[in-house]
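What follows is a single structure, written as C-alpha cells, with notes after it.
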Amino acid sequence: TGYGFDAAMPIGNYVQVRTGFDIFPSFKVNTDLDVSDAVSNIPSELQTRYGPFPSSVEIQGKPSLSNFKFIVDIYPFKHSNFFIAAGAYIGSKKIVKVYNREEGSLKNITTYNNLIEQYPDVAEERGLQKIGVQLGDYMLEPDENGNIDASIRVASFKPYLGLGFGRAVPKTKHIGFRAELGCQFWGSPKVYCFDKQLSESDTDGKDGGFIKTLSKITVYPVLTFRFCGKIF
C-alpha cells in the first residue's frame with residue numbers, strides 16, 4: 001500500500017482499533033507506442049497538409065493508490081502478539097492512469113481520424129485506417145484536443161482481511177515493530193477509455209487477452225511492516 005501513518009488505540013487486552021492513510025510512491029513509466037505502419041499509409045498530400053505525423057507516440061503511465069483505512073485487530077490471547085485484522089480501505093478508484101506525455105501532441109492524428117470517418121469510401125479504396133491503440137475490439141483514439149486518457153479502476157470501498165504479529169500500541173515498551181500479511185478485496189478491475197467503461201464485447205478479439213486476465217484479479221495482496229510508538 002506504500003508508505004503512511006496510523007493512529008491506534010487499545011480496547012482492553014484483546015482488541016485494538018486503528019485508522020490511517022497510505023499513499024503509494026509516485027513513479028512514472030514511459031514508453032513509445034509504434035504507429036509507423038499506419039502513418040506510412042497516409043497519402044503524401046495529407047502528410048503535407050496535416051503533418052508531420054509522428055511515427056511513435058510517447059505514452060506515460062503511473063499508479064494512483066491512496067487510501068484511508070479503518071481496521072480492527074483481534075488478539076486471541078491476552079498476552080499474544082499474533083492478531084487477526086478486519087476492516088476496509090477507502091480511497092481512489094483509479095489505480096493506474098495512462099496518457100500522452102505532451103498535452104495536445106496528437107491533434108493532427110485526431111484530424112486524420114476525422115477525415116477517415118468523413119470519407120469512409122475513399123479511405124477503404126486507398127486502404128487507409130485510423131490511428132490508435134487497439135484494446136480488444138475497441139480502438140482508443142485521441143480526443144478533439146489531441147489527447148488520450150485511459151485508466152484501470154476498482155471499487156473505492158475495499159474490504160480487508162489480514163494476519164499479523166505485533167501490536168500497534170506496544171504493551172510494555174514505547175517502541176515496537178509489527179508485520180502483517182493480508183488482502184484488499186477491490187472487486188473486478190474495469191478499464192476506462194476517457195469516461196467509457198470497456199465492456200466484455202469491447203475486449204473480445206486477439207488484443208483483449210490482457211484486459212480479460214486483469215478483470216479476474218479481484219484481490220490485492222498486502223504486505224506491511226511498521227514501527228510503532230506509544231505516546232502515553
Give all pairs with beta carbons closer than 8 Å in which a residue from the range 45-58 that is under 13 Å from Lys107 (Cα atoms) meets a residue that is assigned to a strand (DSSP E or B) and of a type outside the set (Lys, Arg); count only pairs at least 6 apart in sequence or on separate chains.
Val57/Asp32; Val57/Leu33; Val57/Asn100
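Within the range 39-58, take every residue that is part of a strand (DSSP E or B) and open to solvent by 40 Å² or more (accessible area, probe 1.4 Å) and give me the one that is farthest from Gly164 (Cα to Cα).
Quick first cut of the range 39-58, residues part of a strand (DSSP E or B) only: 56-58.
Narrowing further to those that are open to solvent by 40 Å² or more (accessible area, probe 1.4 Å): 56, 58.
On the way: Ser56: 48, Glu58: 43 Å.
Filtering the range 39-58 for residues that are part of a strand (DSSP E or B) and open to solvent by 40 Å² or more (accessible area, probe 1.4 Å), the one farthest from Gly164 (Cα to Cα) comes out as Ser56.
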Can you find even one residue in the range 103-123 that is among the basic types (Lys, Arg), surrounded by fewer than 14 Cβ atoms within 10 Å (Cβ to Cβ) and modelled with pLDDT of 80 or more?
no
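Name the residues in the range 19-38 that are in a strand (DSSP E or B), more than 30 Å from Phe53 (Cα to Cα) and not β-branched (Val, Ile, Thr), would you? Step through it out loud before you land on a result.
From the range 19-38, those in a strand (DSSP E or B) are 19-23, 29-34; that's our starting set.
The next check asks that each one be more than 30 Å from Phe53 (Cα to Cα); those that pass are 19-23.
Matches in the range 19-38: Gly20, Phe21, Asp22.
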Which residues, counting only those in the range 1-30, are crowded, with 17+ Cβ neighbours inside 10 Å, under 17 Å from the mean Cα position of the chain (by Cα) and modelled with pLDDT of 90 or more?
Asp22
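Considering every residue within the range 203-210, establish whether at least one is modelled with pLDDT of 90 or more and either crowded, with 16+ Cβ neighbours inside 10 Å or part of a loop (DSSP other than H, G, I, E, B) (or both). It would help to see each step written out before you state the result.
Pass one, the range 203-210, residues modelled with pLDDT of 90 or more: none.
Taking every residue of the range 203-210 in turn, none turns out to be modelled with pLDDT of 90 or more and either crowded, with 16+ Cβ neighbours inside 10 Å or part of a loop (DSSP other than H, G, I, E, B) (or both).
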Mind checking whether some residue in the range 149-168 is open to solvent by 40 Å² or more (accessible area, probe 1.4 Å) and at pLDDT below 80?
no
Being under 23 Å from the mean Cα position of the chain (by Cα), surrounded by fewer than 13 Cβ atoms within 10 Å (Cβ to Cβ), farther than 17 Å from Ile217 by Cβ and not aromatic (Phe, Trp, Tyr), is that true of even one residue in the range 184-195?
yes
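Among the residues of the range 1-18, how many are of a type in the set (Val, Ile, Thr) and part of a loop (DSSP other than H, G, I, E, B)?
From the range 1-18, those of a type in the set (Val, Ile, Thr) are 1, 11, 15, 17; that's our starting set.
Now narrow it down to the ones that are part of a loop (DSSP other than H, G, I, E, B): 1.
So the count comes out to 1.
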May I ask you to list pairs of residues, at least six apart or on different chains, whose Cβ atoms are under 7 Å apart, with the first in the range 83-97 being more than 19 Å from Ile217 (Cβ to Cβ) and open to solvent by less than 20 Å² (accessible area, probe 1.4 Å) and the second being small (Gly, Ala, Ser) and part of a strand (DSSP E or B)?
Phe83/Gly164; Ala85/Gly162; Ala85/Gly164; Ala85/Gly182
If the Cβ limit is 7 Å and pairs must be 6+ apart or interchain, which residue in the range 120-134 that is within 22 Å of Val57 (Cα to Cα) pairs with which residue that is among the acidic types (Asp, Glu)?
Lys130/Glu141; Gly132/Glu141; Gln134/Asp207
Report yes if Lys130 is among the basic types (Lys, Arg), open to solvent by 20 Å² or more (accessible area, probe 1.4 Å) and within 30 Å of Phe227 (Cα to Cα), otherwise no.
no
What residue, among those in the range 59-80 that are under 30 Å from Lys107 (Cα atoms) and in a strand (DSSP E or B), is nearest to the chain's Cα centre (by Cα)?
Pro63
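The values are calculated or read from the model by the stated rules, or taken from the named source; none is laboratory data. Treat the numbers as computed from the prediction; the structure is a model and nothing was measured. FYI the Cβ positions are ideal-geometry reconstructions off the backbone, even for glycines, and counts take in every protein chain you see. Just so you know, the surface numbers come from the protein's heavy atoms only, side chains and all, with ligands and any DNA or RNA stripped out. Shrake-Rupley method; radii C 1.70, N 1.55, O 1.52, S 1.80 Å.
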